[in-house]
Amino acid sequence: MTATFAELWAEIAPIGRDDKGGYLRYALSEPELILRDWFRNQAARRDMPVTEDGNGNLFAWWGRPWAEGTVLTGSHFDSVPHGGGFDGPLGIVSAFLAIDVMRDRGLRPGRPIAVAAFVEEEGGRFGVPCLGSRLLTGVIDPDRAAALRDAGGVSFADALGGRPAGALPVLHRVSAVVELHIEQGKALCDRDAPVGVASAIWPHGRWRMDFAGDGDHAGTTRMADRHDPMLTFAYTVLAANKEARLAGAHATVARVAVEPNATNAIPSLVRGWLDARAADVPTLDALVETIVKRAVERAGKDGTRLDVEPESVSPEVTFDASLAARLAGLLGGAPILATGAGHDAGVLSAYVPTAMLFVRNPSGVSHSPAEHAPEADCVAGVEALAKVLGELTS
Ligand code: GLV
Ligand code: MN
Ligand code: MN
């Protein structure tokens, strides 16, 4: 069967879309479950059996599941809250279409190809990004993953229907991984190229910061008597921004929860999440250390308390350089670029030769409803992926 990119994209476009054109596709929530059904249907239309790994990851197979030399492609369906529709699904849609292209050309791969849909890549529901790939590689303890809870108190185990299985014993049979993804920057625009190849991912992580103080009445508590954690939090947000600029790194505080969250009550607790990223681990470590030091100093002045908990920390990823060069050559000299965004391919790269293809994003915007890749570039991405899968399975 041959479907066009526009046809497949139109099928998934309404799923989980909000009234501003963004997407609410939390892992294992209703829209994502609909997308998983869509995945199973696409696989069935192509006579591709689907297997599950007990961690929430799905695999559609062209060839015998987990036979020696398997080449893994695909991406994820989940979005950040109210994020774009391309980050993730583009890699899955393109993988099915690349298989169509290969079949139309009469190609018969010498090894199996699996199209993967990884669960909870964004960490938007349970807090730990790349949860599915961390589980299947054994990077995260299944009991820790099982106990992660979403904002409504539902555990990952409950959402999944049981304790995750953890490390996949057959992973060593995978010979290569290639994930196609929308670019989350403008480097391909600057280079006038529709498709690029990844070289590296910046080390990055998430730290939960609990600022505790004394809840009290906003009207009756004298200013001098307050122990207001919102002040310590506000100072820390500014300090994080300044320190990241000084270090040539990135620091973001974009999520906050306040107790009791009342207009007329001094908060007792402000919980904020720090997302920090840098080109190398020493810079990242030093940045986080400095931000925490400045926050603790400020807490001393405010009479508040600070507790910091790392929720996930990902080391620097250097993708297989010879594979990247080979694929860039195959694609006619495609640019090779680094990124500050995390990916399942980054987690897998510690275990399997791994590559990523990026598709041009004219605005460079991502994790926002404005995220977009033009149809012609998406089609070029499918062609590139078909070429790469042909090469890796020949
Ligand atoms: C995932 O997209 C991340 O980099 O946060
Ligand atoms: Mn993302
Ligand atoms: Mn992604």
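The values are calculated or read from the model by the stated rules, or taken from the named source; none is laboratory data. Please read all numbers here as calculations on a predicted model, not as lab measurements. Quick reminder, even Gly has a Cβ in these numbers, built from the backbone with ideal geometry, and neighbours come from all protein chains shown. Surface accessibility is based on the protein's heavy atoms, side chains included, excluding ligands, DNA and RNA. Shrake-Rupley method; radii C 1.70, N 1.55, O 1.52, S 1.80 Å.
Summary table
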{"item": "Of all residues making up the stretch 317-344, the number that are within 16 Å of ligand 1 (Cβ to nearest atom) and touching a helix residue (DSSP H, G or I) at 6+ places or on another chain (Cβ under 8 Å)", "result": "4"}
{"item": "Qualifying positions in the stretch 17-36 - open to solvent by 20 Å² or more (accessible area, probe 1.4 Å) and among the small types (Gly, Ala, Ser)", "result": "21, 29"}
{"item": "Tabulated pairs, the stretch 70-91, first closer than 9 Å to residue 122 by Cα and open to solvent by 10 Å² or more (accessible area, probe 1.4 Å), second of a type outside the set (A, V, I, L, M) and assigned to a loop (DSSP other than H, G, I, E, B), C-beta under 6 angstrom, 6+ apart or interchain", "result": "80/122; 80/124; 80/367"}
{"item": "Qualifying positions in the stretch 85-114 - away from ligand 1 (no atom under 16 Å from the Cβ) and on the phi > 0 side of the Ramachandran plot", "result": "106"}
{"item": "Filter result for residue 39 (within 19 Å of residue 178 (Cβ to Cβ), in contact (Cβ under 8 Å) with a residue 60 or more places away in the chain and buried (at least 22 other Cβ atoms within 10 Å of the Cβ))", "result": "yes"}
{"item": "The stretch 118-137 residues that are under 16 Å from residue 165 (Cβ atoms) and of a type in the set (Phe, Trp, Tyr), paired with ones that are more than 11 Å from ligand 1 (Cβ to nearest atom) and open to solvent by less than 10 Å² (accessible area, probe 1.4 Å) (beta carbon under 6 Å, 6 or more apart)", "result": "118/57; 118/132; 118/133"}
{"item": "Residue count for the stretch 82-99, restricted to those that are within 16 Å of ligand 2 (Cβ to nearest atom) and in contact with a Lys or Arg (Cβ under 9 Å, 6 or more places away or on another chain)", "result": "5"}
